[in-house]
1. Those residues that are within 12 Å of the chain's Cα centre (by Cα) and hydrophobic (A, V, I, L, M, F, W, C), I need them from region 13-46; list them, please.
2. Can you go through R66, R115 and tell me which one is among the basic types (K, R) and at pLDDT below 95?
3. Can you list the helices (runs of 4 or more DSSP H) lying wholly within region 54-116 that have 1 or more residues being surrounded by 18 or more Cβ atoms within 10 Å (Cβ to Cβ) and of a type in the set (K, R)?
4. So, of the residues in region 26-50 that are surrounded by fewer than 18 Cβ atoms within 10 Å (Cβ to Cβ) and of a type in the set (V, I, T), which turns out to be farthest from L100 (Cα to Cα)?
5. May I ask you to list the residues in region 7-45 that are of a type outside the set (A, V, I, L, M, F, W, C), part of a helix (DSSP H, G or I) and touching a residue at least 60 places away in the same chain (Cβ under 8 Å)?
6. What residue, of E84, E31, is out of contact with any strand residue (DSSP E or B) (no Cβ under 9 Å at 6 or more places or on another chain), at pLDDT 95 or above and acidic (D, E)?
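The values are calculated or read from the model by the stated rules, or taken from the named source; none is laboratory data. Nothing here was measured: the structure is a model prediction, and the numbers come from that model. For neighbour counting, all protein chains shown are included, and Cβ atoms are generated from backbone atoms with ideal geometry for every residue, glycine included.
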Amino acid sequence: MDNTRVFKMAFASVYPHYVAKAEKKGRTKAELHTIIHWLTGYDEPALQQQIENRVDFQTFFANAPRINPNVNKITGVICGYRVEEIEDPLMQQIRYLDKLIDELAKGKKMEKILRD
């Protein structure tokens, strides 16, 4: 599968959909940011910079200060794929983020989402 289109998509163009998904289910933008910080190691100013610069997903994850070492604990199906079986590392990171946001929207407790 050619993932180039997804990799070149601006994180900032998808970000409002993440916020809307969380807020529609009664969760907050702050909780969403906590998840993004946990996964990528970005602090709030750095995350805002990535959004303002409209970096693509490839750059967003390449510039991430630290992908959380517990990402291997993220399992399950998102968009019809088991996240733990996705072979392309970048696509797997994107799907990890999707999975965490999905769990947030489904009402899972933050301490369960953040697998520390």
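1. Matches in region 13-46: V14, V19, L32, I35, I36, W38, L39.
2. Details: R66 fails: at pLDDT below 95.
That would be R115, the only listed residue that is among the basic types (K, R) and at pLDDT below 95.
3. On the way: elements: 57-62, 89-105, 110-113.
Here the list reads 89-105.
4. T28
5. Residues of region 7-45 that are of a type outside the set (A, V, I, L, M, F, W, C), as a first pass: 8, 13, 15-18, 21, 23-29, 31, 33-34, 37, 40-45.
From the residues that got through so far, the ones that are part of a helix (DSSP H, G or I) too are 8, 13, 15-18, 21, 23-24, 29, 31, 33-34, 37, 40, 44-45.
Matches in region 7-45: Y18, K21, K24, E31, T34.
6. After applying the criteria, what remains is E31.
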